[in-house]
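The values are calculated or read from the model by the stated rules, or taken from the named source; none is laboratory data. Remember, it's a predicted structure, so these values are computed and weren't measured experimentally. Because the Cβ atoms are built from the backbone with ideal geometry, glycine has one as well, and the counts that use them run over all protein chains shown.
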Amino acid sequence: MTPEEVFRKLVHGVAAGQYAGLPELYAEQTDVRHPMHPERPEPLRSRAELRAHFGGGQDAEPDPLVRFEAVDIVVHRTEDPEVVVGEFAYAGTVAGSDESFHVPCVFVLRVRDGQIVESRDYVDHAAMAKARRRIAEITREPAAGDDAS
């Protein structure tokens with residue numbers, strides 16, 4: 001697959017909850033970073049770490065709170081044939097409401113021999129967590145009703 005094809009398969013797979021095949025898009029040894037994540041997690045360095053990141057390599061059950069898709073996709077090729085910059089947004093709706101969300105993202109991928117060897121995923125994690133009603137998970141704030149003692 002070309003770098004652009006890998007990028008598109010990744011973002012559409014995430015949006016569809018098709019996590020089982022996503023680790024195979026990455027090289028066995030890789031370097032995946034989420035520079036905008038509030039907790040500044042360690043880089044993901046292997047396919048095994050990515051499998052855990054994607055929920056153990058199982059497809060996700062449909063999220064009862066949100067439905068979203070990757071939209072407004074623009075892929076920029078660079079002078080380096082292995083590197084693409086993908087701009088897009090995850091856009092969707094919150095179940096049981098008229099509330100919609102639009103989370104802009106930029107992924108910078110280095111793809112070698114059809115596999116991601118390096119990625120910088122710039123996502124507004126707080127906006128995505130808020131849409132999914134999981135803001136407490138990424139900010140370590142007690143959820144409503146939790147005992148703060």
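At-a-glance table
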{"quantity": "Count of residues meeting criterion [surrounded by fewer than 18 Cβ atoms within 10 Å (Cβ to Cβ), in contact with a helix residue (DSSP H, G or I) (Cβ under 7 Å, 6 or more places away or on another chain) and farther than 20 Å from I135 by Cα] in the stretch 28-46", "calculated": "1"}
{"quantity": "Matching residues, the stretch 1-24, being hydrophobic (A, V, I, L, M, F, W, C) and either within 11 Å of the chain's Cα centre (by Cα) or closer than 14 Å to F107 by Cα (or both)", "calculated": "V6, F7, L10, V11, V14, A15, L22"}
{"quantity": "Options A52, A126, A91; residue that is of a type outside the set (V, I, T), within 16 Å of the chain's Cα centre (by Cα) and crowded, with 17+ Cβ neighbours inside 10 Å", "calculated": "A91"}
{"quantity": "Single match in E82, E69, E137 (criterion: touching a helix residue (DSSP H, G or I) at 6+ places or on another chain (Cβ under 7 Å), at pLDDT below 95 and within 15 Å of F7 (Cα to Cα))", "calculated": "E69"}
{"quantity": "Qualifying residue in the stretch 13-22 (condition: touching a strand residue (DSSP E or B) at 6+ places or on another chain (Cβ under 7 Å), assigned to a helix (DSSP H, G or I) and closer than 19 Å to R112 by Cα)", "calculated": "no"}
{"quantity": "Hits in the stretch 66-88 - residues which are closer than 25 Å to D113 by Cβ, β-branched (V, I, T) and either surrounded by 14 or more Cβ atoms within 10 Å (Cβ to Cβ) or in contact (Cβ under 8 Å) with a residue 12 or more places away in the chain (or both)", "calculated": "I73, V74, V75, V83, V84, V85"}
{"quantity": "Filtered residue count, the stretch 111-122, keeping only those that are assigned to a strand (DSSP E or B) and either at positive phi or surrounded by 19 or more Cβ atoms within 10 Å (Cβ to Cβ) (or both)", "calculated": "4"}
{"quantity": "Single residue of the stretch 1-49 satisfying the filter (of a type in the set (G, A, S) and more than 25 Å from D80 (Cβ to Cβ)) that is modelled with the highest pLDDT", "calculated": "A48"}
